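Colleague: After the structure tokens below, expect a handful of questions from me.
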Amino acid sequence: MDIKNHEVARLKRDEMPLHITLHTNELLALAENSDNKIDYSDIAETTDEQWSDAVRGKFY
């Protein structure tokens, strides 16, 4: 595949496809919520012991 012959799609914000616009609007609405509105009830809690062996930057 010759990458040099491919062009980058350039879109202006008002020319975005509908699904991208809807996704962007959803993300903006979520960003406006405060952290205390997040429901963590379906996520298991972690303990300090579980994080004691954690290493920052291990996979990059």
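The values are calculated or read from the model by the stated rules, or taken from the named source; none is laboratory data. A quick note: this is a predicted structure, and the numbers were derived from the prediction, not measured. All Cβ positions, glycine included, derive from the backbone under ideal geometry; neighbour counts span all protein chains shown.
Colleague: Among the candidates LEU18, LEU28, LEU22, LEU11, single out the residue that is surrounded by 10 or more Cβ atoms within 10 Å (Cβ to Cβ), free of Cβ contacts under 8 Å to residues at least 24 places away in the same chain and of a type outside the set (Ser, Thr, Tyr).
Modeller: Every option except LEU22 fails the conditions.
Colleague: Now a separate question. Residues being modelled with pLDDT of 90 or more and either touching a strand residue (DSSP E or B) at 6+ places or on another chain (Cβ under 7 Å) or part of a loop (DSSP other than H, G, I, E, B) (or both): count how many of those fall in the stretch 1-52.
Modeller: So the count comes out to 8.
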